[in-house]
1. What is the dipole size for the chain, taken about its Cα centre, with +1 at each Lys and Arg Cβ and -1 at each Asp and Glu Cβ, in debye to the nearest 20?
2. Got a number for carbon plus sulfur as a percent of the chain's accessible area, 1.4 Å probe?
3. Picking from Gln11, Ala33, Val47, whose Cα lies most toward the positive end of the charge dipole for the chain (charges on Cβ: Lys, Arg +1; Asp, Glu -1)?
4. Any chance you could run the full-extension gain for Asp93 through Asn125? It's 0.36 nm times the residue separation minus the Cα-Cα distance, nm to one decimal.
5. Any idea which of Gly170, Val191, Val155 is furthest toward the positive side of the dipole for the chain, if Lys and Arg beta-carbons carry +1 and Asp and Glu beta-carbons -1?
6. Mind listing the phi-derived Karplus ³J(HN,Hα) values for the range 197-202, rounded to whole Hz, using 6.51, -1.76 and 1.60 with θ = phi - 60°, and x for any glycine or proline?
7. How far, in degrees from 0 to 90, does helix 203-212 lean away from the longest principal axis of the Cα atoms of the chain, to the nearest 10?
8. With a 1.4 Å probe and every protein chain left in place, work out the accessible area per residue of the chain in Å², rounded to a whole number.
Amino acid sequence: MIRVVIVDDQQQVRSGISMILSAEDDIEVVGQASSGSEALALARELVPDVVLMDVRMPGMDGVTATGELIQQNGNDPDHLVRVIIMTTFDDEDIVVASLQAGASGYLLKHASPTEIADALRRVANGDTWLDATAATRLVAKLRESSGDHVDIRQVLTRREQEVLRHVAAGRSNQQILTSLVLSEATVKTHVARILFKTGSRDRAAAVALAYRSGFVRPEDPLPN
């Protein structure tokens, strides 16, 4: 069962999404929040698998809340909360900021019930999900906003840095999960976040950036 928290400042929106998801046998809405600060408290209490996060909310917005939520449990080897950004706005800058903060996906609120459910399943399994109409533009913008100037130690969490070192050593997800004692979904989520945050198109590009930036050096010992 995929445990979900819905975060939106409009009760009608939260109720509508909850009703849509109630038809899915493998998805359970365990909580609802109306602000970013409420979302953080609820995530600590309920430990959901995925948070559906609105962007524009009074007080703490969705981008800030996403970053804090990822930091809040980013190094928990047992459970990694994943975030899908949901908004009515096709605003590339906001979505890029959310993805770089650690979100695993992005949906427009007018997405179909099937698309919302599929996105939750994919993200809960450690994959990513981008709204199809915006995916190409978003990836291009992520690359533009990143590049060789990326300070990997600033943009990645400690766990993500650790995973990147293993990726740079040529290790597969299976080898990484064995070494770090993580689930396969958690490793996949960390790798996806590394690619998003660094603007890398694939693992090879992330490894190349790690070497170019000096984060990884040829003489470094292999990670344990």
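1. On the way: 23 positive and 31 negative charges, 155 e Å.
For the chain, the charge dipole is close to 740 debye.
2. Numbers: 5030 of 10170 Å².
Answer for the chain is 49 percent, counting heavy atoms of protein chains only.
3. The one lying farthest along the dipole's positive direction is Val47.
4. Values: separation 32, 0.36 × 32 = 11.52 nm, distance 2.63 nm.
Separation in residues times 0.36 nm, less the Cα-Cα distance, equals 8.9 nm.
5. It is Gly170.
6. Values, residue by residue: 5, 9, x, 8, 6, 7 Hz.
7. 50
8. Working: 10170 Å² over 224 residues.
Normalised by residue count, the accessible surface of the chain is 45 Å².
The values are calculated or read from the model by the stated rules, or taken from the named source; none is laboratory data. Bear in mind the structure is a predicted one, so any value in this text is a computation, not a measurement. With ideal geometry, Cβ positions are generated from the backbone for all residues, glycine too; neighbour counts draw on all protein chains shown. Please note that ligands, DNA and RNA were not included when accessible areas were found on the heavy atoms of the full protein model with its side chains. Shrake-Rupley method; radii C 1.70, N 1.55, O 1.52, S 1.80 Å.
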